[in-house]
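K.L.:
The structure is given below, and queries will be raised subsequently.
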Amino acid sequence: MSSNSSILLENARLLDPASGLDATGYVWVREGKIAAVAAGEFNQGRLATDLGALARLDDLWRIDARGFWLTPGLVDIHVHLREPGDEHKETIATGTMAAAAGGFTAVACMPNTRPINDSPEVTRLIMAAAVGAAARVYPVGSISLGGRGETLAPFGEMRRAGVRALSDDGRPVSDSQLMRRALEYAGDHRLLVISHAEEASLSRNGVMNEGIVSTRLGLRGIPRVAEEIMVYRDLALAQYTGRPLHIAHVSTAEAVDLIRRAKSQGVSITAETAPHYFTLTEEAVGLYDTMAKMNPPLRTATDVAAIRAALADGTLDAVATDHAPHSGLEKELEFDLAANGIIGLESAVPLTLVLVREGLITPLRLVELLSRNPAGILGVPGGQLAVGEPADLTLIDPQRRFIFRPENNQSRSQNSPFSAWEMEGKAVLTIMDGRITWRDPGDPQFKIGHC
């Protein structure tokens with residue numbers, strides 16, 4: 001099915017937080033754009049009348065999506081695609097296929113590749129590799145040259161090459177003056193600064209959350225205050241400079257409180273968390289399971305409860321996966337030596353749907369967290385079901401039960417702590433620019449065919 005096809009998705013539950021729409025209806029896609037959105041059944045007479053106008057198109061497809069949710073394409077503002085430099089872990093092609101399989105039509109890829117994306121040349125390399133990919137790719141550039149936190153990268157040149165935001169993700173910007181200048185100059189170039197909030201002198205050599213579990217296992221801990229001190233500093237700098245700031249992968253209750261307080265004071269701040277921070281605690285480390293090793297580390301039940309509450313009350317703006325693929329070479333090691341990070345693109349929807357089933361958030365709020373808000377934070381198209389918008393759409397079966405098996409995923413890596421989990425809810429059809437980029441081969445429930 002090409003981008004010139006006309007697609008009619010009928011009888012779906014339409015979820016569009018931008019307009020407040022939550023009703024059964026249809027979306028009509030034509031020439032890669034959304035041509036119509038409406039509640040109610042599609043009028044057969046209207047279809048017959050319009051067939052003449054559609055005759056020049058290659059195909060007209062109808063999808064009966066009764067019982068499914070139809071949302072704007074999901075947007076992930078925090079992924080690692082590993083290309084260039086670590087293609088044995090992931091490539092732009094495999095990473096975007098994993099994104100499509102998870103319901104994502106756009107991803108923002110972090111700059112800690114090899115070489116680091118700290119120049120327009122690397123940005124253009126990524127953009128070229130993303131042509132024809134299964135999801136839109138928005139590169140995030142490095143704040144500092146080499147990610148070393150010493151000298152600012154050339155923001156203007158990278159912006160012209162295609163960078164949409166800036167971060168030294170994986171490493172904190174320890175120099176407060178450099179972070180201040182980054183906020184100021186990024187604002188001049190209409191770029192968002194994304195903070196990796198970590199006080200390195202406190203977290204140095206730590207491998208999991210500092211507490212009872214780390215003590216029992218004899219592992220060096222990362223204290224929660226390592227995150228909270230840097231969140232406080234960066235919020236203060238955002239307030240002082242008057243420039244927007246985004247906090248990545250929030251994991252502690254106190255960090256949530258700091259963000260909530262800053263928002264109440266009018267600071268231009270947004271923040272994300274990841275599904276593992278509202279699903280797992282430090283207990284998931286078990287007996288040195290490296291699949292539960294990440295940075296920031298998994299925290300306590302108190303922190304999980306605070307993260308969940310912050311997603312419900314609007315303190316946290318987005319759910320991002322922090323998709324961080326690693327091969328067995330990096331994960332099948334002693335816990336101290338294993339790499340940080342897990343894959344997350346294909347488990348994000350079912351894990352976030354748990355919050356809906358528990359009554360913590362509504363379906364519309366889920367779409368805000370996974371689509372509407374991420375697109376707005378990044379300043380890119382998408383996040384709404386509106387006529388004239390690119391036809392980026394996600395069809396979700398909220399009741400689909402399955403066993404999550406990383407070896408069956410589209411990612412090149414399998415490092416997930418959720419292996420063999422029974423999950424409920426899945427993206428079963430993903431459309432980008434009017435082109436189907438993913439159809440779940442195991443779901444025969446919806447009907448698709450020529451009109």
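K.L.:
So which residues in the stretch 115-171 are farther than 22 Å from ALA324 by Cβ and basic (Lys, Arg), if there are any at all?
P.N.:
Selection gives ARG124, ARG159, ARG160.
K.L.:
Which is in a loop (DSSP other than H, G, I, E, B), surrounded by 22 or more Cβ atoms within 10 Å (Cβ to Cβ) and not acidic (Asp, Glu), of GLY383, GLY359? Reasoning before the result, please.
P.N.:
Numbers: GLY359 fails: surrounded by 22 or more Cβ atoms within 10 Å (Cβ to Cβ).
None of the other options fit; the residue is GLY383.
K.L.:
If VAL213 passes every condition in (1) more than 29 Å from GLY376 (Cα to Cα); (2) surrounded by 22 or more Cβ atoms within 10 Å (Cβ to Cβ) but one, which one does it miss?
P.N.:
(2)
K.L.:
I'd like the full set of residues that are part of a helix (DSSP H, G or I) and under 23 Å from ILE342 (Cβ atoms), limited to the stretch 246-258. First the steps, then the outcome.
P.N.:
Residues of the stretch 246-258 part of a helix (DSSP H, G or I): 253-258.
Across the stretch 246-258, the qualifying residues are ALA253, ALA255, VAL256.
K.L.:
Moving to a separate point now. Looking at the stretch 410-428, can you tell me whether even one residue there is on the phi > 0 side of the Ramachandran plot, outside any loop (DSSP other than H, G, I, E, B) and at pLDDT 95 or above? Outline the logic, then answer.
P.N.:
Taking the stretch 410-428 and keeping what is on the phi > 0 side of the Ramachandran plot, we get 420, 425.
Keeping just the survivors that are outside any loop (DSSP other than H, G, I, E, B) gives 425.
This time we only want the ones that are at pLDDT 95 or above, so: 425.
Scanning the stretch 410-428 turns up at least one residue that is on the phi > 0 side of the Ramachandran plot, outside any loop (DSSP other than H, G, I, E, B) and at pLDDT 95 or above.
K.L.:
Go through ARG171, ARG243, ARG261 for me and flag whichever is in a helix (DSSP H, G or I) and assigned by TED's automatic domain parsing to the domain that holds ALA318. So that I can check it myself, show each step before the final result.
P.N.:
Details: ARG171 fails: in a helix (DSSP H, G or I); ARG243 fails: in a helix (DSSP H, G or I).
Unique residue meeting the criteria: ARG261.
K.L.:
Right, next: When you look at SER411, is it assigned by TED's automatic domain parsing to the domain that holds ALA101, of a type in the set (Gly, Ala, Ser) and in contact (Cβ under 8 Å) with a residue 24 or more places away in the chain, yes or no? Can you show your working first?
P.N.:
Details: assigned by TED's automatic domain parsing to the domain that holds ALA101: no; of a type in the set (Gly, Ala, Ser): yes; in contact (Cβ under 8 Å) with a residue 24 or more places away in the chain: yes.
Against the criterion (assigned by TED's automatic domain parsing to the domain that holds ALA101, of a type in the set (Gly, Ala, Ser) and in contact (Cβ under 8 Å) with a residue 24 or more places away in the chain), SER411 does not qualify.
K.L.:
What residue, of ALA135, ALA98, ALA129, is of a type outside the set (Ser, Thr, Tyr), at pLDDT 95 or above and surrounded by fewer than 24 Cβ atoms within 10 Å (Cβ to Cβ)?
P.N.:
Values: ALA135 fails: surrounded by fewer than 24 Cβ atoms within 10 Å (Cβ to Cβ); ALA98 fails: surrounded by fewer than 24 Cβ atoms within 10 Å (Cβ to Cβ).
Answer to the check: ALA129.
K.L.:
Can you tell me which of ARG220, ARG204 is basic (Lys, Arg) and free of Cβ contacts under 8 Å to residues at least 40 places away in the same chain?
P.N.:
Numbers: ARG220 fails: free of Cβ contacts under 8 Å to residues at least 40 places away in the same chain.
Among ARG220, ARG204, only ARG204 is basic (Lys, Arg) and free of Cβ contacts under 8 Å to residues at least 40 places away in the same chain.
K.L.:
Please tell me if GLN414 is closer than 16 Å to ALA135 by Cα and surrounded by fewer than 23 Cβ atoms within 10 Å (Cβ to Cβ).
P.N.:
On the way: closer than 16 Å to ALA135 by Cα: no; surrounded by fewer than 23 Cβ atoms within 10 Å (Cβ to Cβ): yes.
Judged against the criteria, GLN414 is not a match.
Here's the yes/no breakdown for (1) under 20 Å from SER176 (Cβ atoms); (2) buried (at least 18 other Cβ atoms within 10 Å of the Cβ); (3) out of contact with any helix residue (DSSP H, G or I) (no Cβ under 8 Å at 6 or more places or on another chain):
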| residue | (1), (2), (3) |
| --- | --- |
| TYR240 | yes, no, no |
| ARG243 | yes, yes, no |
| SER264 | no, no, yes |
| PHE278 | no, yes, no |
| GLY286 | no, no, no |
| ALA292 | no, yes, no |
| ARG299 | no, yes, no |
| ALA305 | no, no, no |
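K.L.:
LEU166 versus (1) in a helix (DSSP H, G or I); (2) closer than 30 Å to TYR232 by Cα; (3) aliphatic (A, V, I, L, M): which is the lone unmet condition?
P.N.:
Failed condition: (1).
K.L.:
While we're looking at this one, here's another question. Which one of these does ARG400 not meet: (1) assigned to a loop (DSSP other than H, G, I, E, B); (2) within 19 Å of TRP69 (Cα to Cα); (3) more than 17 Å from the chain's Cα centre (by Cα)?
P.N.:
Against the list (1) assigned to a loop (DSSP other than H, G, I, E, B); (2) within 19 Å of TRP69 (Cα to Cα); (3) more than 17 Å from the chain's Cα centre (by Cα), ARG400 comes up short only on (1).
The values are calculated or read from the model by the stated rules, or taken from the named source; none is laboratory data. Predicted, not measured: the structure shown is a model, and the values here were computed from it. Virtual Cβ from ideal backbone geometry, glycine too; neighbours counted across all protein chains shown.
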